[in-house]
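One structure coming up, written as structure tokens, with questions to follow.
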Amino acid sequence: MIFGFGRRRHVRIFPGMRTVKVPLGDRSYSIKIGNSILSRLGSECRRLKLGTRCAVITDRKVGPIYSKAAMSSLREAGFEPVEIRVPAGETAKSLDTIHSCYDKLARHRLERSSFIVALGGGVVGDMAGFLAASYLRGVGFVQVPTTLLAQVDSSVGGKVGVNLKAGKNLVGAFYQPRLVLCDLDTLKTLPKRELRAGLAEVIKYGIIDDATLFRRLERQLPAILKLNAKELAHVVARSCQIKAKVVEEDEREGGLRAILNYGHTIGHALEAISSYGKYLHGEAISIGQVAASKISRDQHGLGQAEVERIEALFTAAGLPTTVALSKKDTLKLLSAMKVDKKVIGGQVKFVLAKSIGQVAFGIDVTKATIKASLQ
Ligand code: NAD
Ligand code: GLY
């Protein structure tokens, strides 16, 4: 850390910090990735010329560990932050939580120029993002993701929202953040099971777009699981680059963005039929991606050797790759797939791989092929 004499009192140089741009015209933003950069939150927000008042939304697990650093950094940069803690876990992604947060924002007199900081995993990011999109018809929004899944996926791309009893993410918006700040050191306190779940999304980027990333994961997985700084920075930055490229091309999911859902059709259905209790999202989409790879082999030309490499990588990451379903549960799974937001005219559409690093979307798959992929 070096102190200099710039216009700002303390100019901290953070060696090795990477920046990935999300180019979306006047909604463009940067994703900053590095170690120990949470202390930089305030100065980064300052550059965005946001209003003085802000709210840091966090949950009851993340708040006690990281709020103090986030709040001090904001205060040091001249902001007036208020902290709002919500329960941890998927149940916090609800309209009830949103309602109670609206009241707190009003009490703190947040204005149009004010902003909301999401400090936490994908649950906090999705919920706080929807709060930012809707409060006063939209206030500034900054993402500080603290899970691997949130750093490589949910904090980037602007999908925000909450769940209804009828299903996940059924109320929401496309609302881009002004900044994403990924402090890789926050992953040190993340439970290992959550870290592994995040890796399922990283492996996905290799399958859908980048055979080199996939090969690197095959070699470096043990180092990544040990949070090796160089490897972690590389995979987070590369994942964000791939997501940024897809979102730039198709922000509102008219077509290409569907590829980000490789393995998600079966994965989401699996989460739904197990009442969102048994599998973490990353675990369910690990099973879903292996099934999608088998379907890709059966109807899209993916080689058996590549299916085996895919299965082996998920296994090496400590993720489940198969599921034992009764006949009744298989029927439930097939019917749950029809509730997926990606269904078109009642027909479930699949993303399938031609090879590792190359996929196509919008493909019809028969029930028999889906069933066979789960065996
Ligand atoms: P999460 O937010 O529930 O976090 C997982 C658990 O880890 C929670 O208990 C949390 O309190 C805890 N935690 C978070 N960071 C921690 C840290 N650094 N140290 C210790 N504990 C920590 O789960 P998630 O996997 O980050 O996100 C899942 C959510 O993301 C789902 O609701 C899913 O729908 C959503 N999602 C959204 C998008 C999108 O594009 N918006 C993409 C993928 C997933
Ligand atoms: N995680 C899927 C998307 O952002 O489109």
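Across bins of 10 angstrom width beginning at 0, how are the C-alpha pair distances of the stretch 219-276 distributed, in whole percent?
20, 28, 37, 15
Of all alpha-carbon pairs in the stretch 10-116, indicate the percentage at a distance above 20 angstrom.
For the stretch 10-116, the share of Cα pairs beyond 20 Å comes to 50 percent.
Straight-line reach only, C-alpha to C-alpha below 22 angstrom: list the lysines that K192 could link to, leaving out same-chain residues fewer than 8 apart.
Leaving aside lysines fewer than 8 places away in the same chain, those within reach of K192 are K61, K204, K226, K230, K278.
Another question about this same structure. For the stretch 110-128 and the stretch 130-146, write down the distance between their C-alpha centroids in whole Å.
4
With +1 on each Lys and Arg Cβ and -1 on each Asp and Glu Cβ, and nothing else charged, work out how big the dipole of the chain is about its Cα centre, in Debye to the nearest 20. Don't jump to the answer; show the numbers that get you there.
On the way: 57 positive and 34 negative charges, 152 e Å.
Here the size comes out at about 740 debye.
Using the Cα centre of the stretch 250-375 as origin and beta-carbon charges of +1 (Lys, Arg) and -1 (Asp, Glu), tell me which of L256, G357, H268 is placed farthest towards the positive end of the dipole.
So the residue furthest toward the plus end is H268.
Between the stretch 55-74 and the stretch 272-293, how many Å separate their Cα centres?
Result: 30 Å between the Cα centres.
Rounded, prolate or oblate: which fits the stretch 291-375, taking a ≥ b ≥ c as square roots of the Cα gyration tensor eigenvalues, rounded meaning a/c under 1.5, else prolate when a/b beats b/c?
oblate
Quick check: with the 1.4 Å probe, what order do L179, L331, L256 take by accessible area, largest first?
Final ranking, largest accessible area leading: L331, L256, L179.
Going by average Cβ density within 10 Å per residue, which order do the peptides 222-234, 80-92 take, highest to lowest?
Answer by packing, highest mean first, reads 80-92, 222-234.
HN-Hα J couplings of the stretch 237-245 from phi, Karplus 6.51/-1.76/1.60, θ = phi - 60°, integer Hz, Gly and Pro as x?
Taking θ as phi minus 60°, the curve returns 5, 5, 4, 5, 4, 5, 5, 4, 5 Hz for the stretch 237-245.
Dipole of the stretch 160-299, Cα-centred, from +1 at each Lys and Arg C-beta and -1 at each Asp and Glu C-beta, to the nearest 20 debye?
400
Here's something else I'd like to know. Using per-residue counts of other Cβ atoms within 10 Å, averaged over each peptide, order 200-213, 100-113, 46-59, 355-368 from highest down.
Highest mean packing first, the order is 200-213, 46-59, 355-368, 100-113.
Here is a further query. Working from Cα positions, state the angle (0 to 90°, nearest 10) between the long axis of helix 122-134 and the longest principal axis of the chain.
Roughly 60 degrees between the two axes.
Continuing with the same structure: Limiting things to C-alpha atoms, what are the Rg and the maximum Cα-Cα separation (Dmax) for the chain, in angstroms?
When restricted to Cα atoms, the chain yields Rg and Dmax of 20.5, 69 Å.
The values are calculated or read from the model by the stated rules, or taken from the named source; none is laboratory data. Computed from a predicted model, the values in this text were never measured in an experiment. With ideal geometry, Cβ positions are generated from the backbone for all residues, glycine too; neighbour counts draw on all protein chains shown. Note: areas computed on protein heavy atoms with side chains; ligands, DNA, RNA excluded. Shrake-Rupley method; radii C 1.70, N 1.55, O 1.52, S 1.80 Å.
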